[in-house]
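Inspection log for the structure reproduced underneath, given as structure tokens.
Each reported figure results from applying straightforward, stated rules to the coordinates on display, with no laboratory input. Computed from a prediction, not measured in an experiment: that's the story for all the values here. Neighbour counts run over all protein chains shown; Cβ positions are idealised from the backbone, glycine included.
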Amino acid sequence: MSGTAPDPVVDNEGVVGDPTIADTTVAAVRRDTLGEGDNILQVRGLEKEFAVTKGLFVKRKVHAVKAVNGVSFDVRRGETFGLVGESGCGKSTTARMICRLLDPTGGKIDFDGTDIAGLDRKALVPFRRDVQMVFQDPYSSLNPRQTIGSIISTPLDIHGIATGEGERKKKVQELMDLVGLNPEHYNRLPHEFSGGQRQRIGIARAIALGPKLLIADEPVSALDVSIQAQILNLLRQLQKDLGLSLLFIAHDLSVVRYMCDRMAVMYAGEIVELATSEELYAKPAHPYTRALLDAVPTPDPDARARRLAERAALPAA
Ligand SMILES: Nc1ncnc2c1ncn2[C@@H]1O[C@H](COP(=O)(O)OP(=O)(O)OP(=O)(O)O)[C@@H](O)[C@H]1O
Ligand SMILES: [Mg+2]
């Protein structure tokens, strides 16, 4: 990228095209979503290509899938940033690259002032404490043979924190209490818990090291609707109490709206729109965002008709 930043291009709708980002396919970035925020994470032109190979012993590359294609966004310190899009659009791949569970094919991931996209395993050790992930499926993300105490204390052991048995148990029980689990269930196995409780275990494990950024990849989509709100409220509460920055991934726009300050809409590996949650709902600029919004179910039978009428009255984007 060149040294001097080019001027943003503003159209009369107040939609700003930042040329540095526009290079990397953001179609519409609103005015107040740019600017110099205090960013904990800055992602620029992130790419991931998966090689599709053939052959049992000698692998031949026959094809490549571009799962993420030039994704750029910022997460500000203390905010909840939403990444939303349909299944297969590249949300998890983006999240896994930011955690460095996957190596990016291209682009920059600036975390708290350091570009971590190219760091090797050893150099990544301190970063692993600062960025943690909550996974979509609370059933497969917990080892069924490990007790809850052992699951939650694994990150503490790896990083040499709370090493004595008594100290470790105390710390784990504090974490269990914090996420709404009964600390007396320390020695139980995952199958003894419900889906919602298992997700609480996953959250306790993720916050054990006091991360600065928590990435929640569809944390409630595997749960009953009645349990979803409890887990979302827990995440909001923890974010407030622990001062976390949260990257929240979902395919359901109603969930993201409830959780997020700003959000990006992803489609086929690219970000097609980035705005504050309010703006995005009031005036979606991209046709795909409009289609996503129209698919959100609402308990008010007249709401959809009202929304469509309001939208029809707007000038075309
Ligand atoms: N290891 C892999 N090898 C090859 N292709 C992959 C791999 N992982 C993901 N993909 C492909 O990359 C694309 C993006 O997948 P990804 O899991 O990031 O989507 P997603 O937005 O998280 O979807 P979902 O909402 O279903 O979780 C998909 O087409 C997927 O098939
Ligand atoms: Mg996913």
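Which residue pairs have Cβ atoms under 9 Å apart, sit 6 or more places apart or on different chains, and have a first residue in the range 71-85 that is free of Cβ contacts under 8 Å to residues at least 40 places away in the same chain and closer than 22 Å to ALA117 by Cα and a second that is basic (Lys, Arg) and in a strand (DSSP E or B)?
As it stands, the answer is ASP74/ARG262, since those pairs meet every condition given.
Are any residues in the range 175-224 among the polar types (S, T, N, Q) and within 16 Å of ligand 2 (Cβ to nearest atom), and if so, which ones?
Answer for the range 175-224, where residues must be among the polar types (S, T, N, Q) and within 16 Å of ligand 2 (Cβ to nearest atom): GLN199, SER221.
If you go through the range 69-93 one residue at a time, how many are out of contact with any His (no Cβ under 7 Å at 6 or more places or on another chain), near ligand 1 (Cβ under 7 Å from one of its atoms) and closer than 25 Å to ASN39 by Cα?
Total satisfying the criteria: 5.
Would you check which residues across the range 238-265 are out of contact with any Gly (no Cβ under 9 Å at 6 or more places or on another chain) and polar (S, T, N, Q) and list them?
Within the range 238-265, SER254 is the sole residue that qualifies.
With a cut-off of at least 1 residues that are within 17 Å of ALA95 (Cα to Cα) and out of contact with any Phe, Trp or Tyr (no Cβ under 8 Å at 6 or more places or on another chain), name the helices (runs of 4 or more DSSP H) lying wholly within the range 161-275.
The helices (runs of 4 or more DSSP H) meeting that bar are 195-207.
Matching residues to (1) on the phi < 0 side of the Ramachandran plot; (2) surrounded by fewer than 17 Cβ atoms within 10 Å (Cβ to Cβ); (3) within 17 Å of the chain's Cα centre (by Cα):
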| position | (1), (2), (3) |
| --- | --- |
| GLY113 | no, yes, no |
| VAL125 | yes, yes, no |
| MET133 | yes, no, yes |
| LEU142 | yes, no, no |
| GLY149 | yes, no, no |
| PRO155 | yes, no, no |
| ILE158 | yes, yes, no |
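Name the single residue, out of those in the range 202-231 being surrounded by fewer than 18 Cβ atoms within 10 Å (Cβ to Cβ) and farther than 23 Å from GLN146 by Cα, that is farthest from the chain's Cα centre (by Cα).
By that ranking, first place goes to SER226.
Given the criterion within 13 Å of ligand 1 (Cβ to nearest atom), touching a residue at least 60 places away in the same chain (Cβ under 8 Å) and of a type in the set (Gly, Ala, Ser), identify the matching residue among ALA275, ALA216.
ALA216
Filter the range 92-101 for residues that are among the basic types (Lys, Arg) and near ligand 2 (Cβ under 10 Å from one of its atoms) and give the result.
Of everything in the range 92-101, just one residue is among the basic types (Lys, Arg) and near ligand 2 (Cβ under 10 Å from one of its atoms), namely ARG96.
Which condition breaks for CYS89 when tested against (1) within 16 Å of ligand 2 (Cβ to nearest atom); (2) under 25 Å from LYS240 (Cβ atoms)?
Every listed condition holds for CYS89 apart from (2).
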